[in-house]
Amino acid sequence: MSIARFWRETPQRYNLGGCRCTRCGTVYFPPRAVCPTCAQHRESLGRLEPILLSGAGEVVSFTVVHDPAEGFEMQVPYVLAIVRTVEGPQLTGQVVDVTPEQVRIGLKVRATFRKLREEGRAGVIHYGYKFAPDEDLPAPRARGAPTEIAEVRAPPGTARA
């Protein structure tokens, strides 16, 4: 990742910075320049205001990873989930502080900023959001029936893509 891109993306990465269309009220994460929900997309140019997402939400789908991506071998098994935030956007993230057996559709979670990985000999640490359980949260507004993604294991002897 280039240095310029790293600093440009820092606010969204560490603050869950999104935007809201002032015409239709739809919230987006990450922020965007045009609202695809509005019938006249061009009319939304310049009318998206920055907002901070609360990080509160609910698991709407998840999977347990047993065959990790490079750099995540020490974390298996771990849970990746799609979380519907109370503001509306759905985010993908790792669920932490619970065993995979404790994760379920409807689990209330809150974004927490944690170490994602270390890079290179210098050990540059990258931080980002993950989700931790938070049963004290109110239920987010429903948008269709959630579906669970089945647990997937790679067959023995198959290469990772």
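Some values worked out for this structure:
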| quantity | calculated |
| --- | --- |
| Where labels lie 7 Å past Cα in the beta-carbon direction, separation of Tyr127 and Thr99 in nm | 3.1 nm |
| Where N is the number of residues in region 56-133, Cα Rg divided by 2.2 N^0.38 Å | 1.13 |
| Sites Leu52 and Glu119, calculated FRET efficiency, Cβ-Cβ separation with R0 35 Å, nearest 0.05 | 0.85 |
| Region 56-133, relative contact order [Cα under 8 Å, separation at least 6], % | 30 percent |
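Any read-out appearing in this document is the output of simple, stated calculations on the displayed coordinates, not a laboratory observation. Treat the numbers as computed from the prediction; the structure is a model and nothing was measured. Neighbour counts are summed over all protein chains in view; Cβ atoms, including those assigned to glycine, are modelled from backbone coordinates with ideal geometry.
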